[in-house]
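Enquirer: Here you go, one structure.
What follows draws every value from the coordinates through simple rules; no lab data is involved. Only a predicted model underlies this, so the values are computations on that prediction, with no experimental measurement involved. All Cβ positions, even for glycine, are placed from backbone atoms using ideal geometry, and neighbour counts span all protein chains on display.
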Amino acid sequence: MDKESYFSLQHSESVVATMAATIFSAYVRNGVVTEANENAYVERAVEAAVKLALLADKQVKSDSEWMPQDKAGPML
């Protein structure tokens, strides 16, 4: 990379980026990534990571999605 990039990811974006990197690294380890098809495999990895994240969000409820929120705050 010749040019520096600065950006800030939200937590969920960071999680998906990490998932995509893991998926992409599997493609690299399996020897299917070449200089000619690298961009296509990066996109494929991100698409797979998003698909996995959406499915997980649909099937798993986080604590804040199902636990009642105490409006008064914690008791001391």
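Enquirer: What order do you get for 22, 34 when you list them from fewest to most C-beta neighbours inside 10 Å?
Expert: In increasing order of surrounding Cβ atoms, one gets 34, 22.
Enquirer: Also: Under 1.5 on a/c is rounded, so check that first for region 11-59, then, if it is not, pick prolate when a/b is larger than b/c and oblate when it is not; a ≥ b ≥ c are the square roots of the alpha carbon gyration tensor eigenvalues.
Expert: Prolate, since a/c reaches 1.5 and a/b exceeds b/c.
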